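Here's the structure, in structure tokens; my notes come after.
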Amino acid sequence: MAEVTQAGDSKTAKVFIVPVKFQKKRLEDMKKSLSKKGLQYADTLSPDVTHVVSECESVDQVEKYFAKSGQKIPEAASVVSTQWLIDCLKASKIVEIKSSQVLKEIKISAKPEVSPAEENECNRNFPEWACQRKAKLEHLNKKLTSAVEVLQEFAELRDSNQDYSRALAFRRASSVLKSLPFQVQNVEQLKGLKDIGEHVKTVISDVLDHGSSSEVEEILKSEWFKKMKLFTSVFGIGPSTAKAWIERGWENLDDAQKDGCPSGDWRIAWGLAFFEDLNVPVGRIEAIAFSQIVQEEAECILPGVITTLVGGFRRGKSQGHDVDILLSHPTDGAEMGLLPKLIAALGKRGLVLIGHKEKNSFRSDILYQDFKLSARGQLDHFEKWLGICKFPKSFSTPKISKKSKPEINQPTPCTTDTDLKATADSSLDESMNELYEPKAKKTKGSEAIELEPNRISAAPRDWLARRVDLIIAPKSQYYYALVGWTGSKHFNRDARLYAQKKLGLKLTSHGLFNLEKREPLTAQSEEEVFSHLKLPYIDPADRNC
Ligand code: UTP
Ligand code: MN
């Protein structure tokens with residue numbers, strides 16, 4: 001969500017109260033209290049609204065209300081209950097949103113509101129591909145999908161050839177369950193649905209009859225699974241390294257630490273040192289605060305730059321494991337050279353800890369080579385920076401008082417104008433970037449980077465380490481990159497397989513290609529990507545399959 005296209009005063013929280021279900025007097029009182037406490041209130045649903053407060057039970061009710069007047073909830077806004085606003089008024093500041101205060105996407109009712117005949121009809125017409133269906137974050141069959149997804153994860157961690165197709169089969173099943181318009185109460189209701197096999201049906205029956213599946217419980221209890229989950233949650237560790245660690249007899253992360261990370265992989269060294277930080281989920285507010293800074297700095301370096309917060313946040317998630325930001329520019333090619341300068345500018349603001357820049361490895365002939373759709377098939381060739389940033393703790397609770405100084409280490413509006421923007425000498429930017437590359441040489445002013453990851457981590461600090469991916473795409477590939485980097489992973493996997501099997505086309509984050517004619521199908525919008533794919537347009541919030 002949250003396409004960040006504006007900067008400046010949008011750092012300030014702005015509250016809009018949906019007038020539905022409020023008594024007039026109460027609504028007026030709330031507005032008055034907001035003003036009294038110096039909190040910003042929006043009279044209309046403007047794009048800079050950050051919090052939409054409502055008495056409604058679900059987001060779709062709020063959406064319906066706005067739809068009547070042709071309005072849409074701003075992408076960056078959180079839709080929250082009145083209780084959150086009451087907490088803010090009590091605290092006289094914008095407070096963190098508790099999970100109970102986030103409105104659910106749809107109203108979950110205990111009983112299915114669909115009749116058996118309607119269920120049958122729904123199953124008969126159920127679209128075959130996940131990329132043809134809507135899948136919201138909040139759906140009716142969470143208990144079932146979480147059980148099935150444990151089996152999927154187990155197969156992914158075992159990571160042999162057959163396991164990939166097993167994992168995919170489980171994912172297909174859970175993706176079907178996510179899109180069902182009714183709550184499954186017995187397996188009979190799944191009749192006619194192609195992707196729900198016998199194995200999954202047994203698991204579902206178990207959960208429906210006993211509240212849990214014995215197979216899932218066994219996996220969750222198994223030491224191997226627990227260790228694999230722990231090890232693969234370290235930045236830089238995939239299933240094969242995790243397995244190697246288990247084979248060495250390592251029980252926990254201390255064992256890995258004691259070994260001093262013999263692989264020499266910077267990601268593992270920093271991932272271990274900042275394990276705790278990196279395993280605290282990144283909140284939406286932090287992600288937006290950071291992407292706004294990226295937007296400001298990128299705009300100074302390259303006016304007109306397009307900065308978009310992608311990944312799970314674009315799909316409406318309130319938390320994520322990292323922050324993914326896609327950058328482009330309306331003029332193809334203008335984006336070249338932006339990334340090193342951007343890293344340098346963010347570094348000057350004290351926001352960069354460590355990271356690695358990958359060069360653009362795109363060649364058009366790669367696109368026409370045969371491709372295998374596999375577990376690791378989502379790698380692309382964009383220029384990108386994968387790293388760890390330092391998010392000031394103030395990011396998660398933005399101060400909204402106009403009097404208070406900005407909390408971020410920031411010479412506003414941006415750091416680049418004097419020394420970076422003006423220079424045509426890219427070696428300056430490259431040398432600045434080396435400060436943040438692993439194994440940096442000793443350079444004046446880079447003491448912090450010279451220290452061992454563990455020492456930096458243990459030293460007193462007012463920031464949290466957060467994983468950040470910055471991806472640079474030329475405009476000619478931008479909308480495909482946008483679809484690819486918005487995900488979900490399964491949405492991509494499914495759409496790519498669908499394109500191959502149904503249309504004979506190759507879909508990647510770089511474009512859509514006719515392999516026979518050796519022709520790309522260009523797109524000027526996300527909608528056009530879907531129309532080339534002969535798919536109904538699916539909103540990012542509905543790509544959570
Ligand atoms: P993430 O792994 O960050 O997933 O990749 P996510 O959905 O945002 O999950 P959280 O919320 O951080 O935990 C973001 C999207 O970018 C794609 C993935 O397929 C996913 O849809 N991606 C990731 C690529 O296209 N290429 C890559 O190299 C990595
Ligand atoms: Mn992400």
Look at F371 and say whether it is at pLDDT 90 or above and within 16 Å of ligand 1 (Cβ to nearest atom). no
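Results for (1) more than 15 Å from ligand 1 (Cβ to nearest atom); (2) crowded, with 22+ Cβ neighbours inside 10 Å; (3) at pLDDT 95 or above, shown as yes or no for each residue.
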site: K258; (1), (2), (3): yes, no, no
site: G264; (1), (2), (3): yes, no, no
site: V294; (1), (2), (3): yes, yes, yes
site: P303; (1), (2), (3): yes, no, yes
site: G320; (1), (2), (3): no, no, yes
Confirm whether K201 is part of a helix (DSSP H, G or I) and touching a Cys at 6+ places or on another chain (Cβ under 7 Å). no
Within the range 130-142, how many residues are out of contact with any helix residue (DSSP H, G or I) (no Cβ under 6 Å at 6 or more places or on another chain) and under 16 Å from F170 (Cα atoms)? 1
When the range 295-330 is examined, which residues are found to be in contact with a strand residue (DSSP E or B) (Cβ under 6 Å, 6 or more places away or on another chain), in a loop (DSSP other than H, G, I, E, B) and within 9 Å of ligand 2 (Cβ to nearest atom)? V310, D322
Return the residues of the range 500-511 that are of a type outside the set (D, E, K, R), within 25 Å of D324 (Cα to Cα) and away from ligand 2 (no atom under 16 Å from the Cβ); say none if nothing qualifies. L507, T508, H510, G511
Among the residues of the range 322-368, which ones are of a type in the set (V, I, T) and either within 30 Å of A167 (Cβ to Cβ) or within 16 Å of ligand 1 (Cβ to nearest atom) (or both)? V323, I325, I366
Can you run down the residue pairs with Cβ atoms below 9 Å, 6 or more apart or on separate chains, where the first is in the range 241-253 and crowded, with 18+ Cβ neighbours inside 10 Å and the partner is assigned to a helix (DSSP H, G or I) and among the β-branched types (V, I, T)? A242/T232
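Of the residues that make up the range 531-539, is at least one over 30 Å from D60 (Cα atoms) and part of a helix (DSSP H, G or I)?
So far as the range 531-539 goes, no, none of its residues is over 30 Å from D60 (Cα atoms) and part of a helix (DSSP H, G or I).
The values are calculated or read from the model by the stated rules, or taken from the named source; none is laboratory data. What you see is a predicted model, and the numbers here were worked out from it, not measured in a lab. Virtual Cβ from ideal backbone geometry, glycine too; neighbours counted across all protein chains shown.
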